[in-house]
Amino acid sequence: DMDDAKALSLEKEATPGTTVKGVTTAEAFIASLKRPRCIMMLVPAGKPVDSVIEEFLPLLGEGDILIDGGNSHYTDTIRRIHDLEDKHIHFMGMGVSGGEKGARTGPSIMPGGDVDAWKAVQPMLEAVAAKVQGVPCVAYMGKGAAGHYVKMVHNGIEYAIMQMISETYLIMHKGLGLDNDQLNEVYSKWNQEELESYLVEITARIFKRRDDKTGGRLIDMILDEAGAKGTGKWTSQDAMDQHYAIPVIDIAVSMRDLSEYKSERELAEGVYGDPDKHIDAPTEKVIAELKNALLVGSIICYAQGMSMLRKASADLNMDIPLAEVVKIWRGGCIIRSVMLDKFYDIYLKSPELPNLLLDEAVAQMIKGAEASMRRGIARAVEAGYPVSGLNAALGYFDSYRRGHLPINLI
Ligand code: 6PG
C-alpha cells in the first residue's frame, strides 16, 4: 500500500505468531522476495491488473511467477500469458473463491496455465486452500486460461443458484405468508438435507440478521435491485458465442438486469394490480415442492456449468479435468454443496460424461423429485409468481431429455 500508515496497520493486524510485511513501493516489495519470485495479485479485473503488471515488469526476472487471483476475463489472461511468455515470466490465471471469510479460513483455488509454475506454487496453495476430509481444495485446472475459465463458470452457477433460491423465498414469503423466522427455519432445515450448501446456509442466516439502524431485519431493508461485477454475464456471453446451452445462467443474468428497472416495475404493478396472491394449499406441501424444485434446479445448474466446461475444454484446448473441478468446489467456494461429493464420484468413474443428467445416480435423484418440482412450479405460475430460473431449469430438462424437438418446424 502506498500509504505508510496502512502498510503498518496491516502488519499490526496479523495473527500473532505469523509474519506479515507491509511495503509501500513496488521496488521494496519485489526486492523483499527470493528468486524465482512468486507473486500473487488480487486486484479488480481489467485495467488494474495491466497497471500492476506494467509496474512490476521492469523489476521482474526470468523464471518469476506472476499470479492473477482476481476474476479476470479469460481472454485477458490468454493475452497476458502470451505477452509475458516473451519475457520468460510465467503468468498464471487463478480463480479464487470464498470471499473475505475464505481469505482467512481457506478458499477454493483454481489455478491454470504453465505446469512448471503450478508445481512451484502447489505446496503453498495446498497449505492455504480449504480442506475437505483433509484434501485441499486446489488443483491444476488445465492449460492456458483454464483457471479463470473455470472460475467464470463457477460464478455463472453461483448466479443461477442464487436466482432460484430467491424465487423460493418470494413464494414462501408472499404466497405462503412465512415471516423471517419461519424462513430461517425452512432454509436451515433444507441445509441439513440434500440441499446442504453454503448458499442455502447463508440464506437461512440472513433472515435472522438485524439492521443496526432500525433494529428490524436487514433483509427487509435491502432494495430489490442487484448489480453485478460481470462474471455471470461473461459466462452467458461466452456460452452464446460458442453455442453452449446454459439457460438458467442466462436467465439469472437477465433477472439481475430486470431488477434494475425498479421504477418501471412499480408502474407495471400499477397497471396489472397487486401480484402477491395467497397460495391456497397446505404450507408444508408447498414447501416440500419448492425444496424439490430447488434440488432439481441446482443439479441442472451444475449440469449446465459442467457441460459448458467440458465443451470449452475441448474447443479452447484447455484439458480441464472435470473430476478435479468438482473435487475442489466441495469446500471453500461459494457454490460448495454436498451434491458435489456425488458429482466427484461420477466424474472419477466417467471423466468423459457429456452431461451430469446422463448419469444413472443423478437420474434417480431427478426422478424422485421431478413430479413435486412440477407441481410447485405450476402452483407458482398459476398464482403469478416469477419462477424464471426454476422454470428455465425445468425447460432445459424437458428439452434435453427429448430425442426429438420441434426444431424441425423452426
Ligand atoms: C467467489 C464469488 C466472488 C463474487 C463474484 C460475483 O467465488 O468468491 O464468486 O467472486 O461473488 O465476484 O459478484 P457479483 O455477484 O457482484 O457479480
- [ ] Could you bin all the Cα-Cα distances of the range 206-365 into 10 Å bins starting at 0 and give me the percent of pairs in each, rounded to whole numbers?
- [x] 8, 25, 33, 22, 11, 1
Task: Net charge dipole size for the range 129-207 [Lys, Arg +1 and Asp, Glu -1 on Cβ; Debye, nearest 20] - done: 480
Open item on the list: If I model a spin label as a point 7 Å beyond the Cα along the Cα-Cβ vector, how far apart are those points for Lys119 and Leu170 in nm?
Closed with: 5.3
Task: Relative contact order [Cα under 8 Å, 6+ residues apart], the chain, whole percent - done: 16
Task: Computed lengthening from Ile39 to Arg265, 0.36 nm per intervening residue step minus Cα-Cα distance - done: 76.7 nm
Open item on the list: Need one number for the range 92-212: average projected area of the convex hull over its C-alpha atoms, nm².
Closed with: 9.1
Task: Protection proxy ranking, peptides 296-303, 388-395, 24-31, average beta carbon neighbours within 10 Å, highest first - done: 296-303, 388-395, 24-31
TODO: Kindly provide the helix-only [θ] at 222 nm of the chain, computed as the sum of -39,500 (n - 2.57) over DSSP H runs of four or more divided by all residues, to the nearest 500 deg cm²/dmol?
DONE: -18000 deg cm²/dmol
- [ ] For Arg79 paired with Glu54, estimate the spin-label separation in nm (one decimal), with each label point 7 Å from Cα along the Cα-to-Cβ line.
- [x] 1.2
- [ ] State, as an integer percentage, the relative contact order of the range 192-319 based on alpha-carbon contacts under 8 Å between residues 6 or more apart.
- [x] 23
TODO: Could you please report the charge total around Gly113, scoring K, R as +1 and D, E as -1 over all other residues with beta-carbon less than 11 angstrom from its beta-carbon?
DONE: -2
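In nm, what is the difference between 0.36 nm times the number of residues separating Glu62 and Ala26 and their Cα-Cα distance?
Between Glu62 and Ala26, full extension yields 11.2 nm more.
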Task: Qualifying trypsin sites (Lys or Arg not before Pro) in the range 160-259, DSSP loop, other Cβ atoms within 10 Å at most 16 - done: Lys208, Arg209, Lys213, Lys229
Open item on the list: Net charge around Lys131, counting only other residues with Cβ within less than 13 Å of its Cβ (Lys, Arg = +1; Asp, Glu = -1)?
Closed with: +2
TODO: Multiply the residue gap between Thr105 and Leu409 by 0.36 nm, knock off their C-alpha separation, and tell me the result in nm, one decimal place.
DONE: 104.0 nm
Task: Residue with peak Gaussian network fluctuation, the chain [Cα springs, cutoff 10 Å], from Gly134, Gly46, Gly305 - done: Gly134
- [ ] Give the cross-link partners of Lys208 among the lysines, using a straight C-alpha distance below 17 Å as the criterion and excluding same-chain residues fewer than 8 apart.
- [x] Lys189
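If r is the Cβ-Cβ distance from Asp241 to Ile202 and R0 is 25 Å, what FRET efficiency results, to the nearest 0.05?
After rounding to 0.05, the efficiency reads 0.20.
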Task: Point-to-point label distance, Val135-Asp319, nm (Cα→Cβ direction, 7 Å offset) - done: 2.1
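Give me the percent relative contact order of the range 54-109, please, defined on Cα pairs under 8 angstrom at least 6 residues apart.
Relative contact order of the range 54-109: 35 percent.
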Task: Spatially proximal aspartates and glutamates relative to Lys349 (Cα-Cα < 14 Å; intrachain offsets below 8 disregarded) - done: Glu324, Asp341, Asp359, Glu360
- [ ] Starting from the eigenvalues of the Cα gyration tensor, five times each then square-rooted, give me the equivalent ellipsoid semi-axes of the range 26-159, largest first, whole Å.
- [x] 23, 17, 14
TODO: Could I get the Rg over Rh figure for the chain? Both from C-alpha atoms, Rh via Kirkwood, rounded to two places.
DONE: 1.00
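Readers should treat all values here as calculations from the given coordinates under stated rules, not as data from a laboratory. Just so it is clear, the structure is predicted and the values come from calculations on it, not from any experiment. Note that each Cβ is placed from the backbone with ideal geometry, even for glycine, and that neighbours are counted across all protein chains shown.
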